[in-house]
Every structure is written in C-alpha cells, then in structure tokens.
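Encoded as structure tokens, the structure appears first; notes follow it.
The values are calculated or read from the model by the stated rules, or taken from the named source; none is laboratory data. What you see is a predicted model; the values in this text were computed from it and never measured. All Cβ positions, even for glycine, are placed from backbone atoms using ideal geometry, and neighbour counts span all protein chains on display. SASA here: full protein model, heavy atoms, side chains in, ligands and nucleic acids out. Shrake-Rupley method; radii C 1.70, N 1.55, O 1.52, S 1.80 Å.
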Amino acid sequence: MKISFLLHNAYGIGGTITTTFNLAQALAGRHEVEIVSVLRHREHPSHTLDPRVSLRPLVDLRQEKEHPLHLRPARVFPVAEYRYHQYSELTDQRIAEALATTDAEVVIGTRPGLNVHVARQAPDHVLRIGQEHLTLDNHPPRLRTTLRRAYRRLDVVTTVTEADAAAYRRKMRLPGVRVEALPNSVPDPVLPAADGTAKVIVAAGRLVPVKRYDLLIEAFAPVAAAHPDWQLRIYGKGEEHTRLRRLIERLGLSNHALLMGAAAPMEAEWVKGSIGATAANFEPFGMTIVEAMRCGLPVVSTDCPYGPAEIIEDGADGRLVPVGDRDALTAALLDLVGDDELRRRMGRTALDNARRFAPAPVVEQAERLIEAAATARRTARPPAPPEPARLRRALAGHGFAARDAAYAAASAARRTIRGGQR
Amino acid sequence: MTPTTATAPATAPRAACTAGTDGRITFRLAPPGPAAFPSPRLLLRLRPRKGQPEKTLRVLDLADAGDGELSAVLDPLPALPEGRWDLYLLPGPEGERIRLRPGLRDLRALVDGHVRDRPSPVAVRIPYVTRDGYLALRTWLRDAHVEVAGIDVTDRSTTVRARLHGVPLDAGASVLLRLRGGKGVERTVAPRAGGDGRDLAFTVDHADLLPESGDGDRVWDVFVRAGAGADAPLIRAGRLLDDVADRKEIFVHPAAVVGEFAVRPYYTVDNDLAVEVLRRT
C-alpha cells in the first residue's frame with residue numbers, strides 16, 4: 001500500500017514532525033511511504049528521517065518566498081488555522097496538485113488546515129485521514145466550525161488521546177467518519193534503562209508558561225531541603241528562562257535546581273535521572289512522559305488535560321497530582337525520592353507499561369485503522385454529501401455547532417466594529 | 001578551523017560514547033565503507049591555540065564490537081593533557097581524516113563523580129558537543145583539585161563548601177583569592193576543615209573584595225594553598241567532577257548587592273571558581 005503524509009514543514013523541529021517521522025518510519029517496514037512537506041526552508045530535515053521514507057517538498061521558501069502567488073492569501077487553507085499566515089495561493093495550488101495527482105492509496109493530513117485540504121481535494125478513490133495533534137476544545141470556535149464542515153468528507157479522524165477522541169465524537173457529529181485515538185509513538189531506546197540510583201529528577205520541554213516549571217521548582221524546594229544530595233535538571237529553552245532563573249535564586253536553589261539548556265536527543269539525559277517530572281497545566285499528549293518512562297523513569301505529573309492520565313497509571317508507574325497543587329507535587333516527589341525500593345519498582349513498571357507506545361504496537365493500530373476504513377469503503381458507505389448550504393447547516397446544527405458558529409460570527413462582527421473605529 | 005573539517009555536518013559519521021567511572025571512554029560507530037576506509041582508526045587531537053600547529057595527538061584502534069559496529073577504547077591511563085580534543089575518523093595510511101559528529105553520549109557514570117576521591121594527579125574527561133555540532137572531549141589534569149560542592153550567597157558574604165582531591169588538607173592550609181591581572185593583589189581567609197581531612201568550607205566577606213578606590217570591575221580567582229609556607233602549591237578551586245563540560249551558564253549563583261557593586265561567585269569557561277565584582281549600572 002502507498003501511504004502519503006501531508007506535513008506543514010518536515011525541515012523544522014517539533015513534536016508533530018517527530019511523531020510523523022516515527023510513524024512513517026514504522027510504516028515503511030511494510031508499505032511505501034512518502035512525506036509531502038508543504039514548506040521547505042533548508043537543505044536537510046533537522047530530525048533524522050528513515051531513508052526508506054521519501055520526502056517531497058512543495059514550496060521551497062529559499063527560492064519562492066517572493067513568488068507572486070505566495071504573496072496572496074490562501075483560500076483553501078482555512079483562515080482560522082494557526083498557521084494561516086504561512087499559507088498562500090501558491091500553497092493552495094501546490095497542495096491541490098499534489099493531492100489530485102497522488103498515486104497513494106492513503107493520504108494523511110497532520111494538522112487542521114491540511115486535513116481540510118485532504119478532505120476537500122483528495123480524489124474519491126483515496127482513503128482520507130486527518131490527524132489531530134492538538135485538541136478540539138482548544139481550537140477557536142471559528143476553526144471548529146470550519147473543521148465540522150470539512151471533516152465530514154474524511155474517512156478517519158485520529159486524535160492523540162481517548163479524551164480528545166471522545167470530544168470529537170460528542171461535539172462534531174461526523175456521520176460515517178471513524179474517530180479514533182492513535183497515540184504518538186516513541187522509538188525503542190538505544191541505551192540501557194536508568195537503574196533508579198541517580199539522585200536526579202529530570203524535566204524537559206519548552207520553557208513556556210503552560211509547562212509550569214515555576215510550580216515544579218517551587219515544589220522541589222522542600223525536596224532539596226530534605227534531600228540536599230538531589231538535583232532537579234530542567235532541559236529546554238524558552239521565554240521563561242530568565243524568570244525561572246530568578247525564582248531559583250530567590251528560593252536559594254542555585255545548588256540544586258539547574259536550567260540545563262536544550263538537549264537533543266533527550267535519551268542520554270533521561271538515563272542520568274531516576275524520576276521524571278512535569279507540572280504542566282495542559283498537555284495534548286505528553287511525549288516527554290512517554291520518553292522518560294521508556295528510559296525506565298517513573299514520572300510525577302499533574303493530572304492535566306489530556307494526555308498524562310492516559311499514559312501514567314497512578315501509583316504503579318508514576319504519580320498523578322492535581323493541576324496547580326504545589327504541595328501534592330512536593331509530596332509525590334518526596335515519596336519517590338525518599339523510597340529507593342518504591343522508585344526502582346515504579347521505574348521497572350514504567351519501562352514495561354510504556355512499551356505500548358513503541359513504534360510496533362502503534363503502527364499495528366494504525367494499520368488496523370486503515371484496513372477498517374478501507375473495508376468500510378468497499379462495503380459502500382455512501383460518499384459524503386456535498387457541503388450543505390450555509391443556512392441549512394446552521395439550522396440543522398447540533399448544539400455545539402450552533403454555539404461555535406454563533407461565537408465565530410460574533411467575534412467576526414466585533415472585529416469589523418473595532419476595525420471601523422480605528 | 002582547518003580545511004580537513006570541511007565535511008558537511010549532515011553527512012559526517014557519528015560516534016556514540018560511553019564514559020566509565022574510572023575515566024575510560026568507549027567510542028562506537030557504524031563501520032564506514034571499506035573502500036574509502038580500508039583500516040579505520042580514531043584520532044583525538046588536542047585543539048591548538050589559534051594560529052599554532054597541532055602537536056598532541058592520540059590514535060585509537062577501532063575493533064569489531066561483535067554487533068556489526070566498531071569500537072575504540074580510551075583507557076584511563078595515560079592521563080591526557082588539559083584542554084579540548086577534537087575527534088576524527090582516519091581512513092587508513094592514506095586519505096583525509098573526517099571530523100566526527102556526536103551519537104548518544106552515555107555519561108550517567110559521571111553524574112555523581114564528586115563522591116569518589118581522586119588520587120593525584122586528578123584527571124577528568126567529559127565528552128561534549130561543540131557549538132558547531134561536532135563530538136569533542138574536554139580534559140583537565142591537575143596535581144590536586146578543590147571540588148566545589150555548594151555555594152551560599154548572603155548579603156554580606158559568600159560561603160563555599162568543597163572537598164580536596166589528590167592531597168589531604170594540611171593544618172596550615174589557607175584559602176587565597178587572587179585578583180585577576182592584579183599584580184599579586186591577594187586576599188586570604190582560613191578554611192574550616194571537615195571531619196575526614198578532605199572536606200572544607202570557607203567564607204569570604206564581600207566588603208573585602210571591593211576596590212579600595214573608585215576602580216572598575218574586577219575578578220578574583222579562588223585557590224587553596226596546600227600548606228603553611230608561601231611556597232606551598234596553589235590548588236585551583238572549581239567544579240569538574242560530573243557530566244557537565246560547560247558549567248558557566250548552568251550553575252549560576254545570585255549576586256549580592258554591596259553598595260554600588262554587585263558581587264557574584266561564578267564558574268569560568270574552564271569550570272574554575274571565581275568571584276566577580278561589577279559596578280552596578
């Protein structure tokens with residue numbers, strides 16, 4: 001089978017790129033796999049791509065940044081999408097061509113705007129899959145309204161968590177569309193797992209407010225006081241760096257809490273620790289939790305939407321604590337720091353439990369999903385109806401649809417009024 | 001950069017490495033093509049000063065590791081001179097060397113290196129990645145070493161806890177702060193010895209580090225004088241015994257405000273301890 005991924009920019013750095021490369025690599029064992037990258041800005045991808053996976057860019061920004069069509073706003077790529085400003089008539093055109101002429105049996109979009117392209121422009125004989133790497137509830141209402149309309153023409157929508165899949169089923173009303181969670185996979189580690197003896201707690205991610213590294217550092221202060229031979233190492237860079245540095249100084253943690261800078265790959269850093277930690281308010285999936293567990297670390301995490309509770313089994317391979325609860329985070333860290341046997345046992349369990357996120361089981365799930373969608377097609381699911389008229393859609397709309405549409409219209413009106421006042 | 005390093009990073013071979021607690025480092029890499037690399041070996045080159053020729057080289061044999069990869073072992077002895085070493089793959093008797101990019105660096109054995117007492121000379125090796133993305137090795141070689149364990153800064157003073165390696169603490173030992181570029185200007189404080197003759201602590205009053213007149217910014221380098229005599233050797237204080245090759249931006253301590261000055265202990269680019277005194281702006 002030939003499978004084609006449609007990716008925003010395969011040459012950049014990020015979670016969606018990593019997980020798409022991982023899945024493409026795992027599928028390449030049994031299928032012909034290509035990645036179509038809408039944009040390209042450098043010669044080689046930053047992440048390593050399996051040589052069995054072919055890579056085809058559509059718009060090369062190094063030459064086509066000033067292309068007349070690239071200076072005109074996109075019309076197919078939805079205006080409410082986060083990356084709308086990076087799309088254009090040129091991307092509209094190139095993506096449409098690529099989809100119209102594809103020789104793949106399955107086309108997989110990897111972000112909302114590209115899923116809209118796949119839904120509207122992939123030929124009828126092609127299986128159309130849209131992947132959601134973020135979450136429905138965090139999309140602006142206007143984007144949800146666009147997706148609600150377009151996604152009816154997809155065969156499959158995948159989310160990265162069951163919780164988000166449930167949100168799609170409840171709020172999107174997509175008749176005939178299979179909605180399923182397909183978690184991100186993490187490649188099998190190369191290094192031996194951590195053995196639980198290192199007196200280091202490891203955290204990793206961009207230093208941005210939503211990750212709540214401030215809370216983690218505050219929660220770590222009593223741990224360092226009770227166990228001065230332990231360190232907290234935070235890997236990553238970002239806008240919060242200076243603020244976190246000041247917090248560390250104010251709390252007198254300069255000897256114990258370290259901002260390590262970015263590290264890629266993280267694997268060699270995880271195995272230097274024996275506990276993973278995250279205090280985030282929001283994690284669409286929780287890739288670093290899986291990475292840490294696959295290296296043999298139990299992870300202490302906030303029970304934030306959506307991923308952590310679907311990855312960590314509280315008390316068995318890690319701990320889940322309420323969002324924003326510093327004392328609970330401290331207590332959970334102290335439990336693991338203070339009990340060598342508990343920590344080692346949970347680390348071993350984490351190693352076992354995280355195997356379900358290895359490429360092999362995830363790719364098997366993806367194949368089953370594709371197979372089921374193909375079978376549904378063969379047993380003649382009626383083709384999706386053409387897009388209904390705007391009025392009929394609004395009237396026939398389900399509660400969530402009506403609310404999103406109303407909200408979107410209201411905010412559009414507000415923008416118009418504000419624009420008029422300027 | 002020498003012309004031999006012109007290989008594009010995206011295509012240069014990668015070498016993984018594993019550090020042992022005893023200083024041993026094992027390098028591993030996928031075998032390069034036998035045509036271009038008839039007898040591949042690993043080269044370590046002590047990076048010369050700018051404009052100087054390279055002089056200090058180590059060549060390691062690459063052997064079949066049994067799993068299809070090649071491996072080379074850098075034994076703990078002989079100790080390597082202090083500096084930064086670049087790593088290359090040698091194709092054979094002929095042919096151009098290729099600078100290596102990093103694979104996974106398993107340095108977990110180094111993380112708690114400060115808990116193991118070192119004999120003299122104290123030799124340290126930490127594999128790291130250069131700013132431009134190549135594999136390299138940082139080495140230190142010192143007769144003795146004062147490993148900083150912790151630094152506590154208050155408004156009035158800075159207290160340093162440390163441990164001696166390579167030599168026991170002599171009863172007449174003292175802590176010496178030497179003004180960088182200061183033509184022998186020094187401050188001396190008495191160390192407090194810990195239980196086993198290795199641990200020590202000392203406290204420096206910030207007021208003693210300020211310029212007497214309206215001088216500008218200054219840096220004090222920190223040493224322990226091993227014995228009572230003025231000719232007793234100076235042992236540099238620093239923090240070398242873990243997995244962090246470049247500490248300056250990671251182990252950061254707060255500044256104390258003393259009048260119009262900010263006094264702050266910090267680690268130099270060589271991971272040695274110093275105290276800077278900056279006029280506040």
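The table below lists the values:
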| quantity | calculated |
| --- | --- |
| Within segment A:227-268, tally of residues that are more than 9 Å from every other protein chain (Cβ to nearest Cβ), among the β-branched types (V, I, T) and over 24 Å from the mean Cα position of the chain (by Cα) | 1 |
| Unmet requirement for B:I98, which otherwise passes all of (1) surrounded by 18 or more Cβ atoms within 10 Å (Cβ to Cβ); (2) in contact with an Asp or Glu (Cβ under 9 Å, 6 or more places away or on another chain) | (2) |
| Filtered residues of segment A:168-193 (kept if surrounded by 19 or more Cβ atoms within 10 Å (Cβ to Cβ) and within 14 Å of chain B (Cβ to nearest Cβ)) | A:P189 |
| Of all residues in segment B:136-170 being more than 14 Å from chain A (Cβ to nearest Cβ) and closer than 16 Å to B:V275 by Cα, the one that is surrounded by the most Cβ atoms within 10 Å (Cβ to Cβ) | B:V146 |
| Residue match in segment B:48-64 (condition: within 14 Å of chain A (Cβ to nearest Cβ) and either buried (at least 19 other Cβ atoms within 10 Å of the Cβ) or under 18 Å from the mean Cα position of the chain (by Cα) (or both)) | no |
| Strands (runs of 3 or more DSSP E) fully within segment B:121-193 counting 1 or more residues that are of a type outside the set (D, E, K, R) and within 22 Å of B:D75 (Cα to Cα) | B:122-129, B:135-142, B:145-153, B:157-165 |
| Qualifying position, being part of a helix (DSSP H, G or I) and open to solvent by 70 Å² or more (accessible area, probe 1.4 Å), among B:D208, B:D231 | B:D208 |
| Selected residue (criterion: surrounded by the fewest Cβ atoms within 10 Å (Cβ to Cβ)) from residues of segment A:269-287 that are in a strand (DSSP E or B), away from every other protein chain (no Cβ under 14 Å) and not charged (D, E, K, R) | A:T278 |
| Counted residues, segment A:20-49 - those being more than 20 Å from A:D92 (Cβ to Cβ) and assigned to a loop (DSSP other than H, G, I, E, B) | 12 |
| Answer residue from segment B:218-262, given it is within 14 Å of another protein chain (Cβ to nearest Cβ), of a type in the set (V, I, T) and in contact (Cβ under 8 Å) with a residue 12 or more places away in the chain and is farthest from B:R116 (Cα to Cα) among those | B:V257 |
| Among the candidates B:A79, B:A72, residue that is small (G, A, S), at pLDDT 90 or above and within 21 Å of the chain's Cα centre (by Cα) | B:A79 |
| When residues of segment B:263-279 are limited to those that are farther than 12 Å from B:T158 by Cα and either of a type in the set (V, I, T) or within 11 Å of chain A (Cβ to nearest Cβ) (or both), the one least open to solvent (accessible area, probe 1.4 Å) | B:V277 |
| Test: A:R40 is open to solvent by 80 Å² or more (accessible area, probe 1.4 Å) and not polar (S, T, N, Q) | no |
| Criterion: surrounded by fewer than 17 Cβ atoms within 10 Å (Cβ to Cβ), aliphatic (A, V, I, L, M) and at negative phi - qualifying residue of B:A190, B:A245, B:A173, B:A256 | B:A190 |
| Residue match in segment B:74-94 (condition: part of a strand (DSSP E or B), open to solvent by 60 Å² or more (accessible area, probe 1.4 Å), away from chain A (no Cβ under 14 Å) and out of contact with any Gly (no Cβ under 9 Å at 6 or more places or on another chain)) | yes |
| Unique residue being assigned to a helix (DSSP H, G or I), modelled with pLDDT under 95 and of a type in the set (A, V, I, L, M) when the list is A:I13, A:I17 | A:I17 |
| Conditions (1) more than 21 Å from A:P284 (Cβ to Cβ); (2) surrounded by fewer than 19 Cβ atoms within 10 Å (Cβ to Cβ); (3) modelled with pLDDT under 95; number of the one not met by A:A373 | (2) |
| Positions within segment B:101-120 being within 30 Å of B:L234 (Cα to Cα), open to solvent by 30 Å² or more (accessible area, probe 1.4 Å) and more than 14 Å from the chain's Cα centre (by Cα), in sequence order | B:D112, B:V115, B:R116, B:D117, B:R118, B:P119, B:S120 |
| Candidate set from segment A:248-263 (those that are without any contact (Cβ under 8 Å) to a residue 40 or more places away in the chain and small (G, A, S)); member that is surrounded by the most Cβ atoms within 10 Å (Cβ to Cβ) | A:S254 |
| Segment A:194-211 - residue that is open to solvent by 20 Å² or more (accessible area, probe 1.4 Å) and either over 22 Å from A:D317 (Cα atoms) or without any contact (Cβ under 8 Å) to a residue 40 or more places away in the chain (or both) and, of those, nearest to the other protein chains (Cβ to nearest Cβ) | A:R206 |
| Criterion (open to solvent by 60 Å² or more (accessible area, probe 1.4 Å) and in contact with a Ser or Thr (Cβ under 9 Å, 6 or more places away or on another chain)) met by exactly one of A:R344, A:R355 | A:R344 |
| Yes/no for A:G296 being within 14 Å of another protein chain (Cβ to nearest Cβ) and either surrounded by 24 or more Cβ atoms within 10 Å (Cβ to Cβ) or touching a His at 6+ places or on another chain (Cβ under 9 Å) (or both) | yes |
| Conditions (1) at positive phi; (2) surrounded by fewer than 20 Cβ atoms within 10 Å (Cβ to Cβ): number failed by A:A96 | (1) |
| Selected residue (only one of A:R52, A:R72 is open to solvent by 60 Å² or more (accessible area, probe 1.4 Å) and touching a Gly at 6+ places or on another chain (Cβ under 9 Å)) | A:R52 |
| Pair list, Cβ < 6 Å and 6+ apart or interchain, from segment B:97-119 residues that are more than 9 Å from chain A (Cβ to nearest Cβ) and in contact (Cβ under 8 Å) with a residue 24 or more places away in the chain to residues that are open to solvent by 20 Å² or more (accessible area, probe 1.4 Å) and of a type in the set (A, V, I, L, M, F, W, C) | B:R97/B:L90; B:P102/B:V129 |
| Output for segment A:168-185, where each listed residue is within 19 Å of A:T16 (Cβ to Cβ) and in a helix (DSSP H, G or I) | A:Y168 |
| Given (1) outside any strand (DSSP E or B); (2) more than 14 Å from every other protein chain (Cβ to nearest Cβ), index of the condition B:D67 fails | (2) |
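To keep it simple, each residue is scored yes or no on (1) free of Cβ contacts under 8 Å to residues at least 60 places away in the same chain; (2) crowded, with 24+ Cβ neighbours inside 10 Å.
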{"site": "A:S88", "(1), (2)": "yes, no"}
{"site": "A:D92", "(1), (2)": "yes, no"}
{"site": "A:A104", "(1), (2)": "no, no"}
{"site": "A:N115", "(1), (2)": "yes, yes"}
{"site": "A:R120", "(1), (2)": "yes, no"}
{"site": "A:H125", "(1), (2)": "yes, no"}
{"site": "A:I129", "(1), (2)": "no, yes"}
{"site": "A:E132", "(1), (2)": "yes, yes"}
